[in-house]
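The values are calculated or read from the model by the stated rules, or taken from the named source; none is laboratory data. This structure is a prediction, so every number in the text was calculated from the model and none was measured. Glycine gets a Cβ as well: all are built from the backbone with ideal geometry, and neighbour counts include every protein chain shown. Please note that ligands, DNA and RNA were not included when accessible areas were found on the heavy atoms of the full protein model with its side chains. Shrake-Rupley method; radii C 1.70, N 1.55, O 1.52, S 1.80 Å.
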Amino acid sequence: KAVVSTQSTGIPECIQGIIQTPNGPITEQSFITVIGNTNTVSEAHVVMCILEKPFNFGVGAEEVRFICAVLCPTKGKHTKSAVEVARTYSTLLADDRLRHNLLHTRSAGEFAHEFELECTRIQKEHEQREKALHMTNTSMKSGHSAIFMKAMGKCFPGQDLIADIEQRASFYFSDFVDDLTDVHSVQKFISATLFLYFSLLLPAIAFGVLNAYYTNGKIDAKNHVVAQALAGFLYSIFGGQPLVVLSTTIPVVIYTKIIYTISLNWNEDGDFFYTFYAMTGLFNSFFLIVYSLSGISKIMSFCSRSTEEIFGLFISIAFAVDSVKYIVNEFDHFYCFPRLLATRPSR
């Protein structure tokens, strides 16, 4: 099977394939991927071509038919570096079937279409392997609970929750201690912690000030920061996901404003807000428990990106309307000419 590996040829930096044979590895000489870095480009550029006849580039590359040139900026993410991009294309070119199909292409469109088909095939094979691995792990870790749930039927309440706990139980402690093995890992841990601290603190303060404005000081920035820190701490312990970052979002601010507005119908001073806010949280917790026991989160697989876009559009419109209302109120209070004329003393 062909695998990707860096080889030494007449070209300074390139990637070729290696074929494992019973007599040892041999170099795949039909393609070569040239790697380059420069400061004159801002994004990666890839050029591919097929030679009419095999060309000799030196030792280990005597019969090259496919040339792939990768040019990337010097400064950039490691995952988008020239070596990583070249590895991706070299992995595709290492397939004999793809190279055979590319030789029969007559235009750039056909060439790109064959590449797209190959990427789709690899993605499907990867999804099938992941699905098979997931099913194997599930069957191995389900234990006696799987037999009990099978006896009770497929609609046993909490079967997805129990399966998730059994799958994550063996990795629970390792998620917390695996990244503290050496000094370099500790440095990365501290730097990531400080980065997340300041990147989450400022939005929490901003949304806290906004909540204080909407709730007339019932919930301020201090309450917001303490609540977010406590929620993140509890979620990392009981949720089994220490890498999940919890932060306040715009919908929560809007819902808090709506809750405060409704609470004014019972009491003009807004004293009923805390009770109503707590009842809303308990009601939400009840629904989350029902969702976890029934496995209703599976319906998210049917949600497309349009659902998220519609929700984001609603949030944007809601805040745009609030901003316009605030500007209109300020204008009416300070710059409204009829009001100024009405308050001007008569001569």
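Here are the numbers for this structure:
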quantity	calculated
Mean Cα-pair separation over length for region 8-133, i.e. relative contact order, pairs under 8 Å, 6 or more apart, %	21 percent
Which of K53, K80 is most accessible, then next, and so on - probe 1.4 Å	K53, K80
Pairwise centroid distance, computed over Cα atoms, of region 315-334 with region 251-279, Å	21 Å
Solvent-accessible ranking of R65, R168, R99, largest area first, probe 1.4 Å	R168, R65, R99
More than 13 Å apart - percent of Cα-Cα pairs taken over region 76-121	59 percent
Two-decimal Rg/Rh across region 232-284, once Rg and the Kirkwood Rh are taken from alpha-carbon atoms	1.13
Derived scalar couplings ³J(HN,Hα) [region 48-57; Karplus, 6.51 cos²θ - 1.76 cosθ + 1.60; whole Hz; x for Gly, Pro]	10, 8, 10, 7, 5, 10, x, 10, 8, 9
Shape parameters for region 194-313, alpha-carbon atoms, Rg then Dmax in Å	16.3, 44
Only Lys, Arg (+1) and Asp, Glu (-1) charged, at Cβ; region 156-216 dipole about Cα centre in debye	340 debye
Principal axis box of region 284-338, alpha-carbon based, largest edge first, Å	61, 27, 10
Probe 1.4 Å, protein heavy atoms only - accessible area per residue of region 167-238 in square angstrom	71 Å²
Computed lengthening from A132 to V41, 0.36 nm per intervening residue step minus Cα-Cα distance	28.6 nm
Percentage, to the nearest whole number, of Cα pairs in region 167-211 over 17 Å apart	55 percent
Hz values of 3J(HN,Hα) by residue in region 176-181 - Karplus curve (6.51, -1.76, 1.60), Gly and Pro given as x	8, 10, 5, 8, 10, 8
Rounded percent of accessible protein surface that carbon and sulfur make up, region 204-257, 1.4 Å probe	71 percent
Sequence-separation-based contact order of region 201-275, relative, with Cα cut under 8 Å and 6+ spacing, percent	26 percent
